[in-house]
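Visitor: Please find one structure pasted underneath; my questions will follow.
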């Protein structure tokens, strides 16, 4: 599968929002968006008035980049959300939030979603006691996540856990820091999702 390999700070600058793609660096003065709060490129500081389409496109791109998803995968989730009924935009974000790599990041077991995705593919985690190495695995309410026994001795895992020991965990997740286990207590409501996204614009974009 194709993936973005360029400078991720450019993505935040392009969207004009912090997408927290580089972990701790995003919280410091080294954040590229704080130093250059305009879009990258020759015309980044232009004042062209955005069209309705461009506003909707930027909302979709913001969500896609926030979760680190390719266009095909993100559109697939939109179709899933439409079929489930209810509020499509909120359901779409629930699906993205319930991805295994995202949950690993939210539990503090990855410094960024990209790092969490890499750790998942390397087989460091379990779901309901069984090894799962698929970042896109969708968790359900009641599912438990853990760090595999031999992975707990990994220097990399130890460093990640230490650096995120005080990071708050969303209310819809229950974390046992001593046992290195987490549980999805419920799927998140919109108020519990921190994504800087106007999901109704995404629905409008795909509904054209």
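Visitor: Hey, could you check segment 140-165 for residues that are in a loop (DSSP other than H, G, I, E, B) and farther than 17 Å from residue 101 by Cβ and say which is farthest from the chain's Cα centre (by Cα)?
Guide: So, considering only residues that are in a loop (DSSP other than H, G, I, E, B) and farther than 17 Å from residue 101 by Cβ, the one farthest from the chain's Cα centre (by Cα) is 149.
Visitor: Still on this model: Name, by its number, the condition in (1) in the same structural domain as residue 177 (by TED's automatic domain parsing); (2) touching a helix residue (DSSP H, G or I) at 6+ places or on another chain (Cβ under 8 Å); (3) crowded, with 23+ Cβ neighbours inside 10 Å that does not hold for residue 135.
Guide: Result: residue 135 passes all but (3).
Visitor: In segment 102-139, what count of residues is obtained for those that are part of a loop (DSSP other than H, G, I, E, B), free of Cβ contacts under 8 Å to residues at least 60 places away in the same chain and over 21 Å from residue 168 (Cα atoms)?
Guide: The number of residues fulfilling the criteria is 10.
The values are calculated or read from the model by the stated rules, or taken from the named source; none is laboratory data. All values reported here derive from a predicted model rather than from experimental measurement. Cβ coordinates were reconstructed from backbone atoms using ideal geometry, including for glycine residues, and neighbour counts include every protein chain displayed.
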